[in-house]
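To keep things clear, I will list the structure first and then write my remarks on it.
FYI, it's all coordinate maths here, none of it is from the lab. Remember, predicted model here, so these are calculated numbers, not experimental data. Backbone-built Cβ (ideal geometry, glycine too); neighbour counts: all protein chains shown.
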Ligand SMILES: NC(=O)c1ccc[n+]([C@@H]2O[C@H](COP(=O)([O-])OP(=O)(O)OC[C@H]3O[C@@H](n4cnc5c(N)ncnc54)[C@H](O)[C@@H]3O)[C@@H](O)[C@H]2O)c1
């Protein structure tokens, strides 16, 4: 079997999950890495036995043997690297969020259409095994019409610092970083309804609280707490053309008693709660029933979901399946996220 040769651009924290998953996929050969930080790129190449090391992504893309790339860099580079990769005849797995702005998103979409290459957005939560189970129940109509959903990801202390806290490079704070996961998951499970309007609020009241001691949290590879110009928290109400609505709240920093996450869906025949583990609620014979699916991973399994995502990408590259996270889904999410920021800045609802 000919192996598909993969390049990894950006060798920081999340690239480890991509590398581990590619390494475990028998259809793949890890072929090239690239990072601005040469030592980081070299260490990655050594660890995973990767023959080609670059510090300039243009050079990696010029390597004709590389057939597909994972883009694991700062958000402000996703658009330019994705477009260059597509034009260099590579398929692309771009980490979430697709990019920062709607203009960038539309330009990436145009590049996908013009080149005929495939771009998958890194919506890893869509690939969780509990979501595959829930999707079967939803597709069979067990929830009925889903008319309300809640997407919440509250970190009481968890601003990753570095580029994540630099709006120029990240595009924003918890909304674009972690909100994107849960908003996308709700939207995907609701059947990707068309957005009608968005109303949002953002707050920057607490800062990154780098004064707090003895509390561990996710940090960027180049952690630096001195710079922070992103929101601490955001909330929003998204209305859809079909009458459904989605309530959002997310934070990097909040005086909350504990961290929490919610991906809840409520329909005419039943409901589902994905966090902390999959549970389905329905009614039978005038009785409310809570269903606890007996599956190996009823909760979000981080590396298992990355493995599923990478396997899905590889099979999409090979034409075996069609990706379930196409560029259009990245574009729509960037429209929603930016409308929330715009609504917060202007203090009014944004109509689509
Ligand atoms: N799917 C998830 O659950 C998940 C989790 C964390 C991060 N992410 C996403 O992954 C991306 C990277 O996040 P991270 O936590 O790994 O950050 P990180 O800071 O740990 O690593 C980013 C790396 O990219 C490198 N880089 C930046 N610009 C580059 C360029 N032009 N060329 C080559 N290398 C470049 C940096 O030097 C750094 O090593 C972000 O888009 C983030 O949103 C996704």
Discussion item. Angle check, please: helix 78-87 long axis (alpha carbons) against the longest principal axis of the chain (alpha carbons), in degrees 0 to 90, nearest 10.
Written reply: 60 degrees
Worksheet, complete the sentence: From fewest to most C-beta neighbours within 10 Å, the residues 214, 305, 199, 253 line up as 214, 199, 305, 253
Worksheet item: Rounded to the nearest 0.05, what FRET efficiency is calculated for residue 242 and residue 113 with R0 set to 30 Å and r the Cβ-Cβ distance?
Response: 0.65
Response to the item:
Dividing the mean separation of Cα pairs under 8 Å (6+ apart) by the residue count of the stretch 142-280 yields a relative contact order in percent of 43 percent
Worksheet item: Cα gyration tensor of the stretch 226-316, axes a ≥ b ≥ c as square roots of the eigenvalues: rounded (a/c below 1.5), prolate (a/b > b/c) or oblate?
Response: oblate
Fill in: Helix 327-346 axis, angle to the chain major axis (alpha carbon atoms, nearest 10°)
60 degrees
Worksheet item: Taking neighbour Cβ counts within 10 Å as the exposure measure, how do 281, 263, 92 sort from fewest upward?
Response: 281, 263, 92
Response to the item:
Here the relative contact order (percent) of the chain, from C-alpha pairs under 8 Å and at least 6 apart, is 20 percent
Practice prompt. Arrange 78, 18, 58, 285 by Cβ neighbour counts within 10 Å, fewest through most, would you?
Written response: 285, 58, 18, 78
Discussion item. Given axes a ≥ b ≥ c from the Cα gyration tensor, I'd like to know whether the stretch 75-226 is rounded (a/c under 1.5), prolate (a/b larger than b/c) or oblate.
Written reply: oblate
Practice prompt. Please determine, in degrees from 0 to 90 and to the nearest 10, the orientation of helix 180-189 with respect to the longest principal axis defined by the Cα atoms of the chain, where the helix direction is its Cα long axis.
Written response: 60 degrees
Discussion item. Taking the square root of 5 times each eigenvalue of the Cα gyration tensor, what semi-axes in Å does the equivalent ellipsoid of the chain have, largest first?
Written reply: 32, 25, 20
Worksheet item: For the stretch 1-97, what does the alpha-carbon gyration tensor say about shape, rounded, prolate or oblate, given a ≥ b ≥ c as the root eigenvalues, a/c under 1.5 as rounded, and a/b over b/c as prolate?
Response: rounded
